[in-house]
Amino acid sequence: MQGDLFPKIPATALPDGFLVKPGFLPPNRQITLLAEVLRVIAEAPLAQARTPMGGLTAAAMSNCGTVGWWSDRKGYRYQAQCPGTGRPWPKMPEAFLAVVRDAVADTPWPAFVPDACLINYYAPGAKMGLHQDKDERDFSQPIVTVCLGDDADFLIGGAARRDPTRAIVVRSGDVLIMGGDSRMRFHGIRKIYPGTSALAGVDGRFSLTFRKAL
Ligand code: CO
């Protein structure tokens, strides 16, 4: 009868297509993913990219998969080579694919298979301005984000940059999915909370964003 006395009401109603899975990854799975992240960035080192406006991306980036997202003065794009090494991006680790498979199993996109994983590393103090992910070919495919390391304020906005945003605190092991009506929402990282990582060995925050780019 407890259910009647304390009906389950979602703490916050999220927009359609924006799914948050707090604590989706248990600590042992986070440790496995972190080890794979470290392997990827040993092969394709993290680097800030030049933006078309001439600045630098706030986060340091690497990728794995068939293609990786990169930026320079000529614009934003997916490309097959790591610009730092000139070699193909590292293969997507099986552990990454397995996490994505599990995360989308009960969503409207159960068949989603990423061909690119952009790894963003936020040092304490780094943030990322509001933006849309729009360099992928098929916007019917979601974007799946895995958080590792420090807590952060993730901002979710609307279809226009000026639309109001809401901050949700994301923690290590959380998974976020933006699909359907939320696929093109503006989003960003407002703040990293240094020293809050529940996962040992991370100073700052990694986000793994899985995309179907091609
Ligand atoms: Co994004």
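Which number in (1) surrounded by fewer than 21 Cβ atoms within 10 Å (Cβ to Cβ); (2) within 18 Å of ALA58 (Cα to Cα); (3) away from the ligand (no atom under 15 Å from the Cβ) marks the one condition that ALA167 misses?
Of (1) surrounded by fewer than 21 Cβ atoms within 10 Å (Cβ to Cβ); (2) within 18 Å of ALA58 (Cα to Cα); (3) away from the ligand (no atom under 15 Å from the Cβ), only one is false for ALA167: (2).
Can you tell me which residue in segment 146-164 is surrounded by the most Cβ atoms within 10 Å (Cβ to Cβ), limited to those that are more than 25 Å from VAL202 (Cα to Cα), in contact (Cβ under 8 Å) with a residue 12 or more places away in the chain and out of contact with any His (no Cβ under 8 Å at 6 or more places or on another chain)?
GLY158
Conditions first: (1) away from the ligand (no atom under 16 Å from the Cβ); (2) among the charged types (D, E, K, R); (3) in contact with a Phe, Trp or Tyr (Cβ under 9 Å, 6 or more places away or on another chain). ARG87 passes all but one, so which condition is the exception?
Tallying (1) away from the ligand (no atom under 16 Å from the Cβ); (2) among the charged types (D, E, K, R); (3) in contact with a Phe, Trp or Tyr (Cβ under 9 Å, 6 or more places away or on another chain), ARG87 fails exactly one: (3).
Among the numbered criteria (1) over 15 Å from the mean Cα position of the chain (by Cα); (2) farther than 23 Å from ALA58 by Cα; (3) not aromatic (Phe, Trp, Tyr), which single criterion is violated by GLY84?
(2)
List the residue pairs whose Cβ atoms are under 8 Å apart, where the first residue sits in segment 116-136 and is farther than 24 Å from LEU97 by Cβ and more than 9 Å from the ligand (Cβ to nearest atom), the second is part of a loop (DSSP other than H, G, I, E, B) and of a type in the set (Lys, Arg), and the two are 6 or more positions apart or on different chains.
Pairs that qualify, where the first residue is farther than 24 Å from LEU97 by Cβ and more than 9 Å from the ligand (Cβ to nearest atom) and the partner is part of a loop (DSSP other than H, G, I, E, B) and of a type in the set (Lys, Arg), are LEU130/ARG161.
Any read-out appearing in this document is the output of simple, stated calculations on the displayed coordinates, not a laboratory observation. Note that the structure is a prediction, hence the values are computed from the model and not measured. Quick reminder, even Gly has a Cβ in these numbers, built from the backbone with ideal geometry, and neighbours come from all protein chains shown.
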